[in-house]
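Colleague: I have a structure I would like to understand better, so I am pasting it below and will then ask my questions one at a time.
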Amino acid sequence: MTELSAAQAAAVTDRARLAGHAYSSDRDLAARQALYEWKTPRYDLPGIVAEQLSEVRGRVVEVGCGNGRYIRRLRRDRPDLEVLGFDIAPGILAGVPGPVAVADVARLPLATAGVGAALAMHMLYHVPDIARAIGELSRVVARDGLLVVSTNSARDKPELDDLWQRSSGDVLGTGRGPARISLSARFSLEQAPAFLGDEFGCVETIELPGTITVRDPGPVIAHMASYRAWADQHDVPFAETVERARALLADHIARRGAFEISCRSGILLCRR
């Protein structure tokens, strides 16, 4: 995982870019989610979260709920819970069953200690002030409640990083080109416990390693293209690099039969 420049960090956290482009619909998020259909072992992430909430009663809020994967599962499996969804992007909320609302994790419209559990799944790296956001999540979670967080490891998907640098280098004629932007670099699985430990005395990490194996370039190319909202942050012609990656990937699969990607991500369970 490559450390972000100041300009890249600003782009990853810019609310106008996030709400108006990156998550104006679920197209790009869905493309990133879909890549995991080829991962082994297969993890039922919404099911894991629902299991961790087995002792929770009352209200549960998901902040940065995106296209609602976890909300749908909780409403199906736990109809006894009052599940609320918040996101800063109104467009991506259009297909999520209510109640949902536009809200910022730094200023949640919830009473202190008003929820039994809060979810912040693959979203804290988009927050300008991560410590402030965690403090706000701590404020709204009851003293005996639970905060569930997820993010990627700094060692996640190195093969995609290599493919991008080879492709961008070919486009620029420089051998190896600039690295692709990493959304989770500001809040990796390795960094997360230190951030969360300032507010929560017990932080347990559930690691979810695995391997994605594809025999067609399509899912990988869709994943790469899903970063189009940050195309200007890659220091290389974005569309041309994606197409060069498609050619390199097709050649690799033709020669070896498959392309494998090493995945490392995790869920963090935070209690006081």
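Colleague: List the pairs whose first member sits in region 46-60 and is part of a loop (DSSP other than H, G, I, E, B), whose second member is of a type in the set (Lys, Arg), and whose Cβ atoms are under 9 Å apart, counting only residues at least 6 apart or on separate chains?
Modeller: Leu53/Arg78; Ser54/Arg78; Val56/Arg78
Colleague: Could you list, in sequence order, the residues of region 93-110 that are of a type in the set (A, V, I, L, M) and either loosely packed, with under 12 Cβ neighbours inside 10 Å or not in a loop (DSSP other than H, G, I, E, B) (or both)?
Modeller: Leu93, Val100, Ala101, Val102, listed by residue number.
Colleague: Let me ask something else. Looking at Arg27, Arg32, Arg17, can you tell me which residue is among the charged types (D, E, K, R) and under 18 Å from Asp104 (Cα atoms)? Spell out how you get there, then give the answer.
Modeller: On the way: Arg27 fails: under 18 Å from Asp104 (Cα atoms); Arg32 fails: under 18 Å from Asp104 (Cα atoms).
Step by step, each of Arg27, Arg32, Arg17 is checked, and only Arg17 is among the charged types (D, E, K, R) and under 18 Å from Asp104 (Cα atoms).
Colleague: Let me ask something additional. Taking the criterion of being within 30 Å of Arg143 (Cβ to Cβ) and free of Cβ contacts under 8 Å to residues at least 24 places away in the same chain, would at least one residue in region 27-44 satisfy it?
Modeller: Yes, there is a match, as at least one residue in region 27-44 is within 30 Å of Arg143 (Cβ to Cβ) and free of Cβ contacts under 8 Å to residues at least 24 places away in the same chain.
Colleague: Moving on. If only one of Ala133, Ala142, Ala118, Ala113 is of a type outside the set (D, E, K, R), assigned to a helix (DSSP H, G or I), farther than 20 Å from Tyr36 by Cα and at pLDDT 95 or above, which one is it?
Modeller: Ala133
Colleague: Right, next: Do any residues in region 159-185 that are closer than 21 Å to Gly210 by Cβ have Cβ atoms under 6 Å from those of residues that are of a type in the set (Phe, Trp, Tyr) and outside any loop (DSSP other than H, G, I, E, B), where the two are at least six apart or on different chains, and which pairs are they?
Modeller: Arg180/Trp164; Leu183/Tyr125; Ser184/Tyr125
Colleague: Working carefully through the options Leu74, Leu18, Leu4, find the one that is of a type in the set (A, V, I, L, M), under 29 Å from Pro128 (Cβ atoms), in a helix (DSSP H, G or I) and in contact (Cβ under 8 Å) with a residue 40 or more places away in the chain.
Modeller: Details: Leu74 fails: in contact (Cβ under 8 Å) with a residue 40 or more places away in the chain; Leu4 fails: in a helix (DSSP H, G or I).
After ruling out the rest, the residue left standing is Leu18.
Colleague: Something else now. State whether one or more residues within region 201-209 are surrounded by fewer than 19 Cβ atoms within 10 Å (Cβ to Cβ), modelled with pLDDT under 95, touching a helix residue (DSSP H, G or I) at 6+ places or on another chain (Cβ under 9 Å) and within 30 Å of Arg139 (Cα to Cα).
Modeller: no
The values are calculated or read from the model by the stated rules, or taken from the named source; none is laboratory data. These numbers were taken from a predicted model, which means no experiment stands behind them. Don't worry about glycine lacking a Cβ; one is built from the backbone with ideal geometry, like all the others, and counts go over all protein chains shown.
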